[in-house]
Amino acid sequence: MTAIDLNADLGEGFGRWRLTDDEALLSVVTSANVACGFHAGDAATMRRVCELAAERGVTIGAQVSYRDLAGFGRRAMDVPPAELAAEVAYQIGALEVFARAAGARVAYVKPHGALYNRVVYDAGQARAVIDGVRLADPSLPVLGLPGSRLLELAAEAGLPAVPEAFADRAYTDEGTLMPRDREGAVVTDPDTVVERSVSLARYGAVVAHSGARIPVRARSLCLHGDTPGAVGLARRVRERLEAAGVRVEAFA
């Protein structure tokens, strides 16, 4: 039976502000990418999400980012590799405190936003992320885009490299994500998102923005939690996957 992990970006709030319905999404997903304070999140939020995830048996991952609270981690930045490696390790370590307090652990790492897209092609920044992961825990899997420099360097460093796909993001013919500032970069029709999820899980393929069908083989499927109706859509995706004979389970 085909298996797929469902992950979502959670804990993306700060202080009194909350962006995602963490509790509801944790009843659907199998892995939680928890913001570690650099693009969103704070100590209380990290603790709360880790406790909820542990209660529901959801795997906890550290979603590391450039230090960019004001830009939600989506602004291009040039960070010296040694500094970036230290900041990645710092974020993982901060989340690990709360994961362990909840009786769980940080089980994988996923970059966020501008960093995620940068390490698709930038070997220097990708290597810095890998160095940071190894500094924190040299056994941690790394979640990223198939064919990215990040996953290539993770595998070279002996870290489990886990490919991920996006049902609600438009793809280029090369298998990369269309930049968010381009029209059509985010797929908003719920029926289309559901069908793309099944295609990615069952057949390892998706229709690119150009209309071409391209291969995208992934072990994890990201469900964005900051879009309108995210919880209802996530439930529909999981139900449709299971009805199609896909086993939904965490990869770590």
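Which ³J(HN,Hα) values in Hz, rounded to whole numbers, follow from the phi angles of segment 158-168 under the Karplus curve 6.51 cos²θ - 1.76 cosθ + 1.60, where θ = phi - 60° and Gly and Pro get x?
x, 8, x, 9, 10, x, 10, 10, 10, 7, 10
Provide the packing ranking of 141-153, 176-188, i.e. peptides ordered by the mean count of other C-beta atoms within 10 Å per residue, highest first.
141-153, 176-188
Please work out how much accessible surface Val97 shows to a 1.4 Å probe, ignoring ligands, DNA and RNA, in Å² rounded to 10.
90
What part of the accessible area of the chain, given as a whole %, is carbon or sulfur when the probe is 1.4 angstrom?
Carbon with sulfur: 51 percent of the solvent-accessible area.
The values are calculated or read from the model by the stated rules, or taken from the named source; none is laboratory data. Bear in mind the structure is a predicted one, so any value in this text is a computation, not a measurement. When we count neighbours, we look across all protein chains shown, and the Cβ atoms used for this are built from the backbone with ideal geometry, even at glycine. Side chains are part of the model used for accessible areas, which takes the heavy atoms of the whole protein and leaves out ligands, DNA and RNA. Shrake-Rupley method; radii C 1.70, N 1.55, O 1.52, S 1.80 Å.
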